[in-house]
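The structure appears right after this line, and notes come after that.
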Amino acid sequence: MGDKAHTHPGAAGRAQAADRPTSVRNVVLVGHSGSGKTTLVEALALTAGAVNRAGRVEDGGTVSDHDEIEHRQQRSVQLSLVPVEWNGIKVNLLDTPGYADFVGELRAGLRAADAALFVVSAADGVDGSTRMVWDECAAVGMPRAIVVTHLEAARADFEEMTRVCAETFGGDDPDAVLPLYLPLRGPEGPDGHAPVTGLIGLLTRKLFDYSSGERVANEPVGDQVPLIEEARGRLIEGIISESEDETLMDRYLGGEDVDVRTLIDDAERAVARGVFFPVLAAAPAAPGARQGLGTVELLDLITGGFPTPLEHGTPQVTTLDGRPRQLKPCDPDAPLVAEVVKTSSDPYVGRLSLVRVFSGTLRADQTVHVSGHGLTDRGHEDHDVDERVGALSTPFGKVQRPVSHVIAGDLACVAKLSRAETGDTLSSKDDPLVMEPWEMPDPLLPQAIEAHSKADEDKLSQGLSRLVAEDPTMRLEQNQDTHQVVLWCLGEAHADVALERLRSRYGVQVDVVPHRVSLRETFGGRASGRGRHVKQSGGHGQFAICEIEVEPLPNGSGIEFVDKVVGGAVPRQFVPSVEKGIRAQARKGVAAGHPLVDVRVTLLDGKAHSMDSSDAAFQTAGALALREAAADAKIHLLEPVAEVSVLVGDDYVGTVMSDLSGRRGRVLGTEQSPGGRTLIRAEVPEIEIGRYAVDLRSLSHGTARFSRRYVRHEPMPPQVAERVKGEARAAS
């Protein structure tokens, strides 16, 4: 945080495997889409010397050479790792997408990191989703700092943005969110805008001038001096109030001039403990310049103030049979426990797994045990297998730098783990363990898909299985009622990326078709039917007649079959055949092609022929009888109803409740939640919430979340049912 000496940038950038946990910092960058996270990562890499003056990685790749899908989307869609070295410390920068559809990538980044850098645009402010992530980090005590970007924007105001950050992130203690540096603006240009040319260090009272493209330290002069003192006093009080030295505040208030080194050390300890959240400023370097404004200060903060992996507790670890296992935190000599935080496919090297090692040491060509993550309900295959680790490497853009081993606390890429998926645990094959999985959002936007051609159909299953192996926020459903293949996603952009990856990576072209919910049919009242199947075409004929009565039953009763035949009108051996035919027809439906449920079918009478009656004939007669009964009865369509729980900011409660009512929803109740939010519970027909994941985001400006669970099927309103039946008739 102070004015430190720095290693030569040409040597600094070649971040390889770390030799001890204390020489690693794992930092995730968080912020809304467009806040400048990726640009900031590139600026930090440039300053650290990982790239040359032209912005290219020294061994050939480029910092911005991201997935081609990201170029088409014009935004980051995946977690990426950029390791750099600063003052002998390996810094793993984890760049996350800012768009809500890719929150799974963000959560993976949070899992792999020990601290978070919140990137806030001076032009756009703080959005609701960023506030929510801050609260999540606060709940687990993750150390955080804030960096303000886009200072070059015409309406950028660092002081105002700092105030907003203190108000938004500080909660009950806004003095825990304070700037370490103040931007220094140069002369106004022709457009009346004064560019930021340097920073004033509040603790060191030094001016750092970046106007030449290099960081030059000077002493403040003239009117710059009073600019420092007021902000410096408040910063010192904020740091001292969080100090572990309880005498420091008394000494300071008593007039003692506290040593700058003491203040810096206290500030760094408070940041590492997650009780003080400094605000910094950053801007990319001008073309041809070597250092972006504020990048040196950020790297100093990361290496000096953010915690080492030793200070970050290991997630809960158990044996395969669920017994807790205690491990020494981040010990390279302890049993191996590592986690796959991201899975991707490379056209040249195949599957690549980004792995965080929490315990032990992972070595190339080592055989490890891969423990599945239990996401079988999302279409993922559960597995517990031994696999041989391929090459280990540390990534930078498209370049992979080989390493021989990865110690506890570090991250690296593992090649050719054919069975490992995102969220899996890697451990010793002789001592298999499994880590508690991190929380992933439920995918709630359904995309029904069909293979575009016969060639695509042959490859579809394998392509989809690879897709969900990479992304645990997707769920693959083979719906037995509608016979649709459904890919559940987090939003439209998430779905677009998934289908594009299917096409570009796995060569599978699919068509999106309307998603159908699982409707049911039932009888609205009693009805009778006679099934007559009599055919004679030479030789043995077919003869079977049965008479049935159908009556509705309560919800959830299924199909009940009752035999009331007397006198052997239907021989005993053919009664099961009638039931089999009725149940087969019930599965096909009797009105709009949806399964029939919640009825009692009573077999009353029938006729048989000594030669021409058969099992098949009575099955057909039973089906015909059920169809005839349905033709003379009122058939109700039953639709699935879900209980929806929406967590929304108090400002949007009225809007959300009104929208739910417009979807034929019934609000069950509301309750207050922490952070000025309200939980709304309602029952809503599933046919009305197919796109709710998209619509709710729009209604709440991205600040609301919801969950859903199936409750029951209930009768659909007549006007809606008629429309659905009409669509079914038109389709047939």
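Inspection of the stretch 676-692 identifies at least one residue that is hydroxyl-bearing (S, T, Y) and without any contact (Cβ under 8 Å) to a residue 40 or more places away in the chain.
Figure legend. Inter-residue proximity from the stretch 240-258: first residues touching a residue at least 12 places away in the same chain (Cβ under 8 Å), second residues surrounded by 10 or more Cβ atoms within 10 Å (Cβ to Cβ) and in a loop (DSSP other than H, G, I, E, B), beta-carbon distance below 6 Å, spacing 6+ or different chains. Indicated pairs: E242/V275; E242/F276; Y252/V258. For the stretch 397-416, the count of residues that are aliphatic (A, V, I, L, M), at pLDDT below 90 and part of a loop (DSSP other than H, G, I, E, B) is zero. Looking across the stretch 496-530, the residues that are over 25 Å from the mean Cα position of the chain (by Cα) and among the polar types (S, T, N, Q) come down to S518, T522, S528. Could you check the stretch 176-227 and list, in sequence order, the residues that are of a type in the set (S, T, N, Q) and in contact with a Lys or Arg (Cβ under 8 Å, 6 or more places away or on another chain)? The answer is T197, N218.
If you check R475, R466, which single one turns out to be basic (K, R) and closer than 30 Å to A704 by Cα?
Values: R466 fails: closer than 30 Å to A704 by Cα.
So the residue among R475, R466 that is basic (K, R) and closer than 30 Å to A704 by Cα is R475.
Residue-level check: of (1) charged (D, E, K, R); (2) surrounded by fewer than 16 Cβ atoms within 10 Å (Cβ to Cβ); (3) at pLDDT 85 or above, E242 misses just (2).
Taking the conditions exactly as written (in contact (Cβ under 8 Å) with a residue 24 or more places away in the chain, under 47 Å from the mean Cα position of the chain (by Cα), assigned to a strand (DSSP E or B) and on the phi < 0 side of the Ramachandran plot), does R600 satisfy them or not? Spell out the reasoning first.
Working: in contact (Cβ under 8 Å) with a residue 24 or more places away in the chain: yes; under 47 Å from the mean Cα position of the chain (by Cα): yes; assigned to a strand (DSSP E or B): yes; on the phi < 0 side of the Ramachandran plot: yes.
Here the answer is yes, as R600 does meet what is asked.
Just one of the listed residues (V648, V599) is open to solvent by less than 60 Å² (accessible area, probe 1.4 Å), within 21 Å of P685 (Cβ to Cβ) and hydrophobic (A, V, I, L, M, F, W, C), namely V648. Residue by residue through the stretch 474-500, note down the ones that are at pLDDT below 90 and charged (D, E, K, R). The answer is D481, and nothing else. With respect to the stated conditions, I200 fails to be over 38 Å from the mean Cα position of the chain (by Cα), over 26 Å from K37 (Cβ atoms), β-branched (V, I, T) and outside any loop (DSSP other than H, G, I, E, B). Summed over the stretch 659-687, the residues that are modelled with pLDDT under 95, out of contact with any strand residue (DSSP E or B) (no Cβ under 9 Å at 6 or more places or on another chain) and either among the small types (G, A, S) or surrounded by 19 or more Cβ atoms within 10 Å (Cβ to Cβ) (or both) give a count of 0. Checked against (1) open to solvent by less than 30 Å² (accessible area, probe 1.4 Å); (2) modelled with pLDDT under 95, Q542 passes all but condition (1).
With the requirement that a residue be farther than 15 Å from T168 by Cα, assigned to a helix (DSSP H, G or I) and either open to solvent by less than 10 Å² (accessible area, probe 1.4 Å) or aromatic (F, W, Y) (or both), what does the stretch 110-141 give you?
Going through the stretch 110-141, the residues farther than 15 Å from T168 by Cα turn out to be 110-117, 123, 139-141.
Still in the running and assigned to a helix (DSSP H, G or I): 110-112, 139.
The one that is farther than 15 Å from T168 by Cα, assigned to a helix (DSSP H, G or I) and either open to solvent by less than 10 Å² (accessible area, probe 1.4 Å) or aromatic (F, W, Y) (or both): A112.
Within 32 Å of the chain's Cα centre (by Cα) and surrounded by fewer than 17 Cβ atoms within 10 Å (Cβ to Cβ): which single residue out of A270, A286, A334, A281 fits that description? Exactly one of A270, A286, A334, A281 is within 32 Å of the chain's Cα centre (by Cα) and surrounded by fewer than 17 Cβ atoms within 10 Å (Cβ to Cβ), namely A334. Taking the stated definitions as given, is D442 part of a helix (DSSP H, G or I) and open to solvent by 70 Å² or more (accessible area, probe 1.4 Å)? No; evaluated as a whole, the condition is false for this residue.
For the stretch 324-339, which positions are part of a strand (DSSP E or B) and free of Cβ contacts under 8 Å to residues at least 12 places away in the same chain? Walk me through how you get there before you give the answer.
Narrowing the stretch 324-339 to residues part of a strand (DSSP E or B): 324, 337-339.
Residue satisfying the conditions is P324 alone.
Number of residues in the stretch 283-318 that are of a type in the set (S, T, Y) and modelled with pLDDT under 90: the value is 1.
I'd like to check something: does the stretch 451-473 contain any residue that is over 19 Å from G507 (Cα atoms) and at pLDDT 90 or above? Checking the stretch 451-473: at least one residue is over 19 Å from G507 (Cα atoms) and at pLDDT 90 or above. Taken over the stretch 436-452, residues that are in contact with a strand residue (DSSP E or B) (Cβ under 8 Å, 6 or more places away or on another chain) and over 20 Å from F706 (Cβ atoms) amount to 6.
None of D651, D695, D632 is farther than 15 Å from A591 by Cβ and either out of contact with any helix residue (DSSP H, G or I) (no Cβ under 8 Å at 6 or more places or on another chain) or β-branched (V, I, T) (or both) except D651.
Counting the residues of the stretch 158-178 that are open to solvent by 20 Å² or more (accessible area, probe 1.4 Å) and closer than 11 Å to F276 by Cα gives 3. Name the residue that is surrounded by the most Cβ atoms within 10 Å (Cβ to Cβ), counting only residues in the stretch 289-310 that are over 26 Å from F158 (Cβ atoms) and within 26 Å of the chain's Cα centre (by Cα). So, considering only residues that are over 26 Å from F158 (Cβ atoms) and within 26 Å of the chain's Cα centre (by Cα), the one surrounded by the most Cβ atoms within 10 Å (Cβ to Cβ) is P309. Tell me, please, whether a residue that is open to solvent by less than 20 Å² (accessible area, probe 1.4 Å), of a type in the set (G, A, S) and either assigned to a loop (DSSP other than H, G, I, E, B) or in contact with a Pro (Cβ under 7 Å, 6 or more places away or on another chain) (or both) can be found in the stretch 142-157. Yes, the stretch 142-157 contains at least one residue that is open to solvent by less than 20 Å² (accessible area, probe 1.4 Å), of a type in the set (G, A, S) and either assigned to a loop (DSSP other than H, G, I, E, B) or in contact with a Pro (Cβ under 7 Å, 6 or more places away or on another chain) (or both). One residue stands out in the stretch 18-46 among those that are open to solvent by less than 10 Å² (accessible area, probe 1.4 Å) and of a type in the set (V, I, T): the one that is farthest from D135 (Cα to Cα), namely V24.
The values are calculated or read from the model by the stated rules, or taken from the named source; none is laboratory data. Please read these numbers as outputs of a predicted model, since none were measured by experiment. For neighbour counting, all protein chains shown are included, and Cβ atoms are generated from backbone atoms with ideal geometry for every residue, glycine included. We work out accessible area using only protein heavy atoms, side chains counted, and drop any ligands, DNA or RNA first. Shrake-Rupley method; radii C 1.70, N 1.55, O 1.52, S 1.80 Å.
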